[in-house]
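One structure is given here, and the rest of the page talks about it.
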Amino acid sequence: MRKFLCSTLMATLAIGASAQAPTVKIGWFGPATGDSALWGQAELNTVKLMAEQYNAKGGITVGGKKYLVEIVGYDDKGDSVEAVNVAKRLISQDKVVAIVGAQGSGEAIPVATIVNGAKVPLVASTATNPKVTVQDSGAVNQFMFRACFTDPYQGKTAAYYAFQKLGKRKAGIVMTIDDPYSTGLSDFFKQNFEKAGGKVVVEVSYTSGEKDFRAPLTKLKAANPDLVFIPAYYNDVALIAKQARELGIKQILLGGDGWPSENLISLAGKSLEGCMFINHLDMDGAQSKPIRDAYKAKYNKNAELNSYMVHDALWMVVDAMQRAKSIDPIAIQKALTTCDIQGVTGHIKIGPQHDPVGKDAWIIQIVGPKMKFKEKFAAKD
């Protein structure tokens, strides 16, 4: 277990603030190592940057009192067991008042029991599976929230976009069989594509960690779909796309919010030219510019999607504290249920199932070396 916060960081963050100002601890966990480390490190960098910005102005004001923001972060290695362990540590040892991050659904879902029991709110950045906030029984996880839209929403968006805008009638799916993000998004795409009038003619799968996709792709090619939906993460998507083109699969590839990364096109080469995915915002747009510029100036690298998502997750927590006029976790949780803010990823209004309602879906197309905003799209029955 690796802790990502040091005393020198806090000394830096305290510059410009009163030496007597108390601190409020906010936890973060995510994959700072492993296959998804690019996103985890981007999240950690962003929340540290935000804390530095808050503290440079003297901290945040809650109930008329100034507090310095301290981020306590841990690497969960993209592992569900490790996620539970670090969540327990953040709550019992570090005494955080709230947690942000939990970017993967596979890590966020098992942590729900921990935060519900401890009564410490968590705002997930990109954990899109419905079970993050709602149990199989239909009961809402009272202390779980998210800044992102859900898999049912983006699955429907992708399906209706394929059918209504792209005019596709036969779809194939390539999914990661042991990842709840991938299997869940596959299910929602299939349900909605067939509801719209299309047909999923082939579904193939692979296991996390595999690098050779030729066997499932050969099966997919034989079914000859009009379009291929790939609900996977950018590193797998790049390899799948390359191997698909090598096998003569020329159809448009369509994906979800696991695709966007600064590394996607460099890994995929020209194999994704013209392909599209659903995203939470236009990362090159005007509303993302302040974060994009500050991140680049601080870290000399481009911000990732997770930078913008965790920004809004932390902003939700800070807004909740300020409206509650309290840093008590239960008061923060209550305020989060009435969250209604403008985030960098759009308008975030929390609904009864603790998910944002009415968030925009952005269609992004790969054109040459760029991921370009194409259009906003709302699925209509």
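The values are calculated or read from the model by the stated rules, or taken from the named source; none is laboratory data. No experiment lies behind these values; they were computed from the predicted model shown. Note that each Cβ is placed from the backbone with ideal geometry, even for glycine, and that neighbours are counted across all protein chains shown. SASA here: full protein model, heavy atoms, side chains in, ligands and nucleic acids out. Shrake-Rupley method; radii C 1.70, N 1.55, O 1.52, S 1.80 Å.
Considering (1) modelled with pLDDT under 95; (2) under 13 Å from SER125 (Cβ atoms), say which one MET10 fails and leave the rest.
(2)
Could you list, in sequence order, the residues of region 31-79 that are of a type in the set (Asp, Glu), modelled with pLDDT of 95 or more and not in a helix (DSSP H, G or I)?
Answer for region 31-79, where residues must be of a type in the set (Asp, Glu), modelled with pLDDT of 95 or more and not in a helix (DSSP H, G or I): GLU70, ASP75, ASP76.
Yes/no matrix, rows are residues, columns are (1) among the β-branched types (Val, Ile, Thr); (2) open to solvent by less than 30 Å² (accessible area, probe 1.4 Å); (3) touching a residue at least 40 places away in the same chain (Cβ under 8 Å):
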| residue | (1), (2), (3) |
| --- | --- |
| ALA215 | no, no, no |
| LYS221 | no, no, no |
| ASN235 | no, no, yes |
| GLU246 | no, no, no |
| ILE252 | yes, no, yes |
| LEU281 | no, yes, yes |
| GLY285 | no, yes, yes |
| ARG323 | no, no, no |
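Residues are listed down the side, and each one gets a yes or a no for (1) among the hydrophobic types (A, V, I, L, M, F, W, C); (2) over 20 Å from the mean Cα position of the chain (by Cα); (3) closer than 25 Å to ILE26 by Cβ:
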site: LYS219; (1), (2), (3): no, yes, no
site: LEU227; (1), (2), (3): yes, yes, no
site: GLN251; (1), (2), (3): no, yes, no
site: PRO290; (1), (2), (3): no, no, yes
site: SER307; (1), (2), (3): no, no, yes
site: HIS311; (1), (2), (3): no, no, yes
site: VAL317; (1), (2), (3): yes, no, yes
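Of everything in region 136-173, what is among the polar types (S, T, N, Q) and in contact with a Pro (Cβ under 6 Å, 6 or more places away or on another chain)? Give them in sequence order.
Within region 136-173, just THR150 meets the criteria.
Take SER186 and decide whether it is assigned to a loop (DSSP other than H, G, I, E, B), in contact with a strand residue (DSSP E or B) (Cβ under 8 Å, 6 or more places away or on another chain) and either touching a residue at least 12 places away in the same chain (Cβ under 8 Å) or surrounded by fewer than 23 Cβ atoms within 10 Å (Cβ to Cβ) (or both).
It is false that SER186 is assigned to a loop (DSSP other than H, G, I, E, B), in contact with a strand residue (DSSP E or B) (Cβ under 8 Å, 6 or more places away or on another chain) and either touching a residue at least 12 places away in the same chain (Cβ under 8 Å) or surrounded by fewer than 23 Cβ atoms within 10 Å (Cβ to Cβ) (or both).
Please specify each residue of region 191-245 satisfying the condition of being under 17 Å from ASP178 (Cβ atoms), of a type in the set (D, E, K, R) and part of a helix (DSSP H, G or I).
ASP236
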